[in-house]
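Asks: I am attaching a structure below and will ask some questions about it afterwards.
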Amino acid sequence: ITDLIREKVDKDYAPRKDAPEGFVKFGTDREILARKIRDDLRKNGAKGGRWYLLFRNNCFIDDMATTLQQFIVPYSDQRGFCIAKRDMKKIKRYYQYRVAGYGSEESRKKFMEEYGIKDINEDFIESNLIEGREKYFYQDLVNEWGIEFLEKMSELTQPYCLLSTIHKVKGGEADYTGLFMDCTKLVSDNIMFDSDSELRVLYVGVTRCREGLYIIPAKSRYSMQKLMDLVGEV
């Protein structure tokens, strides 16, 4: 990539001597990537800075977030953990009130009345505890991972799996990065007229991983693939 940048300052670079053998994989399907993240979480537990899913533009983030939701994968974005803090507190209290001896009978009754809970032992989607469609995803997460595990994930200093633009993670690193080729028409045009700036962004994107990089093909009309093709020719 740097060989293609015309205006630059060359710098010497060498990887850490103890760095693991890395890899780059092209053409990874989004659903396959979601499964990889889910399986990694099951095998290795919640570790901060494990995954970056990076996009050139904000407008493409929600689509991948939806895919993660379909596979019941907890994630974070620039707003924070996928379960909002206020909702996490309510869900935690919901399950605490299931335990005999937690709180007073009066406080338990008041909590149930406030959120229209008829049976505290039913799934909370049967109540008004959480407003909106998010409650179905939240319930799936709790059923799959447990409230204590999710709370631990939400408190990580670095998110386990962060969805972000390339610009916002500049300087950061994760063990694995999924780099999505989607871009807007403005970026696509800029590749033609100011390739240096887009190559710099691409460079940032591909250098955020410590171990593995997945290149994800664009679903949108415009793509950064033409940049990758230029790099391949070099």
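The values are calculated or read from the model by the stated rules, or taken from the named source; none is laboratory data. Remember, it's a predicted structure, so these values are computed and weren't measured experimentally. Here the Cβ is made from the backbone with ideal geometry for all residues, glycine too, and neighbour counts use every protein chain on show. All accessible areas refer to the heavy atoms of the entire protein, side chains included, with ligands and DNA or RNA removed. Shrake-Rupley method; radii C 1.70, N 1.55, O 1.52, S 1.80 Å.
Asks: For the stretch 216-234, name all the residues that are out of contact with any helix residue (DSSP H, G or I) (no Cβ under 7 Å at 6 or more places or on another chain) and closer than 27 Å to residue 10 by Cβ.
Replies: If the condition is that a residue be out of contact with any helix residue (DSSP H, G or I) (no Cβ under 7 Å at 6 or more places or on another chain) and closer than 27 Å to residue 10 by Cβ, then 225, 228, 229, 232, 233 are the ones that fit.
Asks: Being free of Cβ contacts under 8 Å to residues at least 40 places away in the same chain and out of contact with any Leu (no Cβ under 8 Å at 6 or more places or on another chain) narrows it down to one residue among 170, 219; which is it?
Replies: Exactly one of 170, 219 is free of Cβ contacts under 8 Å to residues at least 40 places away in the same chain and out of contact with any Leu (no Cβ under 8 Å at 6 or more places or on another chain), namely 170.
Asks: Take the stretch 176-210 and flag every residue that is under 17 Å from the mean Cα position of the chain (by Cα) and among the acidic types (Asp, Glu).
Replies: Once the filter is applied, which keeps residues that are under 17 Å from the mean Cα position of the chain (by Cα) and among the acidic types (Asp, Glu), the stretch 176-210 yields only 182.
Asks: Residue check: is residue 67 part of a helix (DSSP H, G or I) and under 26 Å from residue 168 (Cα atoms)?
Replies: Against the criterion (part of a helix (DSSP H, G or I) and under 26 Å from residue 168 (Cα atoms)), residue 67 qualifies.
Asks: Give the residues of the stretch 41-59 that are assigned to a helix (DSSP H, G or I) and open to solvent by 20 Å² or more (accessible area, probe 1.4 Å), sorted by residue number.
Replies: 42, 43, 44, 58, 59
Asks: Right, here's the next one. Go through the stretch 116-150 and report how many residues are in contact (Cβ under 8 Å) with a residue 12 or more places away in the chain, more than 30 Å from residue 44 (Cα to Cα) and out of contact with any Phe, Trp or Tyr (no Cβ under 8 Å at 6 or more places or on another chain).
Replies: 2
Asks: I'd like the full set of residues that are in a loop (DSSP other than H, G, I, E, B) and open to solvent by less than 60 Å² (accessible area, probe 1.4 Å), limited to the stretch 1-28.
Replies: 1, 5, 19, 22, 27, 28
Asks: A further question on this structure: Residue 186 - would you say it is at pLDDT 95 or above, open to solvent by 10 Å² or more (accessible area, probe 1.4 Å) and either over 30 Å from residue 41 (Cα atoms) or not in a strand (DSSP E or B) (or both)?
Replies: yes
Asks: On the given criteria, is residue 31 of a type in the set (D, E, K, R), under 19 Å from residue 214 (Cα atoms), part of a helix (DSSP H, G or I) and open to solvent by 40 Å² or more (accessible area, probe 1.4 Å)?
Replies: Yes: the conditions hold for residue 31.
Asks: I've got another one for you. If residue 62 satisfies every condition in (1) at positive phi; (2) open to solvent by 40 Å² or more (accessible area, probe 1.4 Å) but one, which is the exception?
Replies: (1)
Asks: Next question, about the same structure. Please tell me if residue 79 is closer than 25 Å to residue 58 by Cβ, open to solvent by 60 Å² or more (accessible area, probe 1.4 Å) and out of contact with any Asp or Glu (no Cβ under 7 Å at 6 or more places or on another chain).
Replies: So residue 79 fits the description; yes.
Asks: Taking residue 212 as the residue in question, decide whether it is assigned to a helix (DSSP H, G or I), open to solvent by less than 50 Å² (accessible area, probe 1.4 Å) and touching a strand residue (DSSP E or B) at 6+ places or on another chain (Cβ under 6 Å).
Replies: It is false that residue 212 is assigned to a helix (DSSP H, G or I), open to solvent by less than 50 Å² (accessible area, probe 1.4 Å) and touching a strand residue (DSSP E or B) at 6+ places or on another chain (Cβ under 6 Å).
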